[in-house]
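Peer 1: Structure below; questions to follow.
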Amino acid sequence: MAEVNKEESGNEYALLGELIDQKQQYRKIIKAAVAKWVKDFQDGRVQVNTVDDLKTLLEIDMELQKSVRFDQTLRDRKRGSEE
């Protein structure tokens, strides 16, 4: 029984690691989109009426940041409970 719990816990730990990595990749995409939006705005290609696009990107990035921090905390707690 303890063997199954250890394996299950290891699988959860690995899954959390993969989830964190994927969310960090999403954050890179969002950051690149924000940088492009800012450049387009500075170059006059974006009008003020499209600020909602930037707002949406920033909101997504903030949610991803919170989610990654939560996942990392959960992963660290799991690691601590296994030791």
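Peer 1: Just want the answer: with Cβ charges of +1 for Lys and Arg and -1 for Asp and Glu, which residue in Ile60, Phe41, Ala14 is farthest toward the dipole's positive end in the stretch 2-82?
Peer 2: Phe41
Peer 1: What do you get for the angle between helix 51-82 and the principal long axis of the chain? Use alpha-carbon atoms, 0 to 90 degrees, nearest ten.
Peer 2: The helix 51-82 is inclined about 10 degrees to the chain.
Peer 1: In addition: What percent does the relative contact order of the stretch 2-82 come to when contacts are Cα pairs within less than 8 Å and at least six residues apart?
Peer 2: Details: 35 pairs, mean separation 40.5, N = 81.
After rounding, I find 50 percent.
Peer 1: How far is helix 2-42 tilted off the main Cα axis of the chain, in degrees rounded to 10, range 0 to 90?
Peer 2: Computed tilt is about 10 degrees.
Peer 1: Excluding Trp37 itself, what net charge comes from residues whose Cβ is under 14 Å from its Cβ, given Lys and Arg +1 and Asp and Glu -1? Don't skip to the end; give the middle numbers.
Peer 2: On the way: positive: Lys31, Lys36, Lys39, Arg45, Lys55; negative: Asp40, Asp43, Asp52, Asp53, Glu59, Asp61.
Net of charged neighbours comes to -1.
Peer 1: Follow-up question, since we're still on this one. For the chain, modelled as a GNM with alpha-carbon contacts under 10 angstrom, which of Asp21, Asp61, Asp52 fluctuates the most?
Peer 2: Asp52
Peer 1: Name the lysines eligible as straight-distance cross-link partners of Lys31: C-alpha to C-alpha under 27 Å, and not fewer than 8 places from it in the same chain.
Peer 2: Those lysines meeting the cut-off are Lys23, Lys39, Lys55, Lys66.
Peer 1: In addition: Running Debye on the chain with equal point scatterers at the Cα sites and no solvent, what base-10 log of I(q)/I(0) appears at q = 0.19, 0.26, 0.27 Å⁻¹?
Peer 2: Calculated log10 I(q)/I(0) at the listed q: -0.82, -1.14, -1.19.
No value in this document is a laboratory result; all are computed from the given coordinates. Since we're looking at a predicted model, the values are computed, not measured. Methodologically, a virtual Cβ is constructed for each residue, glycine included, from the backbone with ideal geometry; neighbour enumeration extends over all protein chains shown.
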